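Structure first, then comments.
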Amino acid sequence: MKSLAILKSSRSLACLVGLLCVLMLVQPATAKADNPIVQTIYTADPAPLVHDGRVYLYTGHDEDGSTEFTMKDWRVFSSSDMVNWTDHGSPMSIETFSWASDDAWAGHVVERNGKFYWYVPVTNGATGRMAIGVAVSDSPTGPFEDALGHPLVENGEIDPNVFIDDDGQAYLYWGNPNLWYLKLNEDMISFSGDPTQIPLTPEGFGSREGNPDRPTLYEEGPWVYKRDGLYYIVYAAECCSEHIAYSTAPGPTGPWTYRGTVMPTQGTSFTNHAGVIDFQGNSYFFYHNGALPGGGGFTRSVAVEKFAYNPDGTFPTITMTEEGAPQLGTLDPYAQQEGETIAWGSGVETEPSGDGGINVGSIENGDWIKVKGADFGAGASSFSARVASETSGGQIEVRLDSVDGPPVATCDVPGTGGWQTWETVSCPVSGATDTHDVYFTYTGGSGSLFNVNWWQFSATS
Ligand code: FUB
């Protein structure tokens, strides 16, 4: 992330001024923070999907330094433990839709019959209005292709969300300032009947003071699902700043009853955007805020909290935290792990890799990555990493539980002849047993040192 890189390069200058130096070197990660989920870029508008034992997190991408909603592509991350998130890059952008000119805003992915459908709002270049497009892929991580070559539906409104009911009928919801639905056909890329407006009444969506044009709390970002026979719609409420509210209904089209606030107005973003899932017996609430350095209303970051519904099915009040959700299980350090599987990263970026998938790049002296809760069992004997460097490389130091603890391994990374010329390096490990957070700290000269594609420990025999 450029803004973080600027922060990084300005750090040594700032360190000339005593106290400021101390303040800038205190990073939230050392205080066990795992929110926001992604530190390499700004992310917004979370849309989580549970598939095949993982949570896939689809997000928008606020460009560095944005002063409006400057959004050109969407991103995908995934996790099996809710704390270590793997970056799958950008499988879809404005260019995916030949008819779209701008505004890669809040979308939603659903799976049906082995295909993944990504519904997104974009500006239609021909009309200048916001329209809903749909792209399709055989994989949750893409690549996604425009399913139609034209908008699925267009009425100038945004934030599509799809719910498939138990009887197989799929509904597309969207809208700001209104709230619409239509009935999707089984192919998921066409619909029957006309778009229908959901009545925005105070009984259904609460009352807003001081805005006669928008008399109810509903603003945007609907998220519809069914739980224990009750239909929920969670949405961004009021503006601006937004909070998250919800309503319930006996059916997918209403009548809706306003139920209250899920997440009060918090954080430094004037928008918020919700995604709610159940995963491995727990409930999770995704949202966004402006918590990263340089963050704010147009440089947002996605975060997550674990929560439990009240016994009567109502939401508890959910508060933004730096800690985020607890880890589910442990990470296996003896399996090959992607370099871009990260609980917290400081200073690094990610990019498409010539070695396959995504790699970690822009690694400079002092940068580091935390991977949470790795179970070393009886102990590790060696560490290997897939690396590339166009310069003279540097070192990967492996530390446990703290960014400045004593290294249990130090691997030299040589120059390999190119940023995408890959070699595997190995080094001995001593003192890594049981379960620990692992910190990879990077040292070397000035500028970019090397890239990392994957890493793996070997167990003592
Ligand atoms: O990210 C652009 C817009 O901001 C989204 O479409 C809205 O939900 C709000 O988060």
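Taking each residue of the range 254-274 that is more than 17 Å from Asn310 (Cα to Cα) and basic (Lys, Arg) and looking for partners that are surrounded by 15 or more Cβ atoms within 10 Å (Cβ to Cβ) and at pLDDT below 95 with beta-carbon atoms closer than 6 Å, six or more apart or interchain, yields nothing.
Using the structure shown, decide if Pro202 is open to solvent by 20 Å² or more (accessible area, probe 1.4 Å) and of a type outside the set (S, T, N, Q). Answer is yes for this residue.
Can you work out which of the residues in the range 393-424 that are touching an Asp or Glu at 6+ places or on another chain (Cβ under 6 Å) and closer than 17 Å to Pro333 by Cβ is surrounded by the most Cβ atoms within 10 Å (Cβ to Cβ)? Top of the filtered list is Pro407.
The rows are residues; the columns are (1) in contact with a Pro (Cβ under 9 Å, 6 or more places away or on another chain); (2) surrounded by fewer than 22 Cβ atoms within 10 Å (Cβ to Cβ).
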position: Asp213; (1), (2): yes, yes
position: Glu220; (1), (2): yes, no
position: Ser241; (1), (2): no, yes
position: Ser247; (1), (2): no, no
position: Pro250; (1), (2): no, yes
position: Arg259; (1), (2): no, yes
position: Val262; (1), (2): yes, no
position: Gly267; (1), (2): no, no
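Quick one: is Phe163 open to solvent by less than 40 Å² (accessible area, probe 1.4 Å), under 18 Å from the mean Cα position of the chain (by Cα) and among the aromatic types (Phe, Trp, Tyr)? Taking the combined requirement at face value, the residue does not satisfy it. Within the range 426-445, the set of residues being open to solvent by less than 20 Å² (accessible area, probe 1.4 Å) and over 20 Å from Ser461 (Cα atoms) comprises Val438, Tyr439, Phe440, Thr441, Tyr442.
When the test is whether a residue is touching a Phe, Trp or Tyr at 6+ places or on another chain (Cβ under 6 Å) and over 16 Å from Pro202 (Cα atoms), Tyr225 passes it. On the stretch given as the range 307-331, residues that are over 21 Å from Leu230 (Cβ atoms) and open to solvent by 40 Å² or more (accessible area, probe 1.4 Å) total 8.
All but one of (1) within 15 Å of the ligand (Cβ to nearest atom); (2) within 14 Å of the chain's Cα centre (by Cα); (3) open to solvent by 40 Å² or more (accessible area, probe 1.4 Å) hold for Tyr42; state the number of the condition that does not hold. Only one criterion is unmet by Tyr42, namely (3). Every condition in (1) crowded, with 19+ Cβ neighbours inside 10 Å; (2) farther than 25 Å from Ala131 by Cα; (3) small (Gly, Ala, Ser) is met by Ala170 except one, and the failing one is (2). Selection over the range 262-283 of residues that are away from the ligand (no atom under 15 Å from the Cβ), of a type outside the set (A, V, I, L, M) and closer than 20 Å to Asp159 by Cα gives a count of 0. Scanning the range 187-239 for residues that are within 16 Å of the ligand (Cβ to nearest atom) and part of a loop (DSSP other than H, G, I, E, B) yields Arg214, Leu217, Glu238, Cys239. The strands (runs of 3 or more DSSP E) found entirely in the range 65-140 that carry 2 or more residues being closer than 30 Å to Gly345 by Cβ, open to solvent by less than 50 Å² (accessible area, probe 1.4 Å) and charged (D, E, K, R) are 71-79. When the range 45-63 is examined, which residues are found to be open to solvent by 10 Å² or more (accessible area, probe 1.4 Å), within 15 Å of the ligand (Cβ to nearest atom) and more than 10 Å from the chain's Cα centre (by Cα)? Selection gives Glu63 alone. Within the range 182-199, being open to solvent by 40 Å² or more (accessible area, probe 1.4 Å) and over 13 Å from Thr253 (Cα atoms) holds for Asn185, Glu186, Asp187, Ile189, Phe191, Ser192, Gly193, Asp194.
The values are calculated or read from the model by the stated rules, or taken from the named source; none is laboratory data. Remember, predicted model here, so these are calculated numbers, not experimental data. Positions of Cβ are generated from backbone atoms using ideal geometry, with glycine treated the same way; all protein chains shown enter the neighbour counts. The area values use the complete protein model at the heavy-atom level, side chains included, leaving out ligands, DNA and RNA. Shrake-Rupley method; radii C 1.70, N 1.55, O 1.52, S 1.80 Å.
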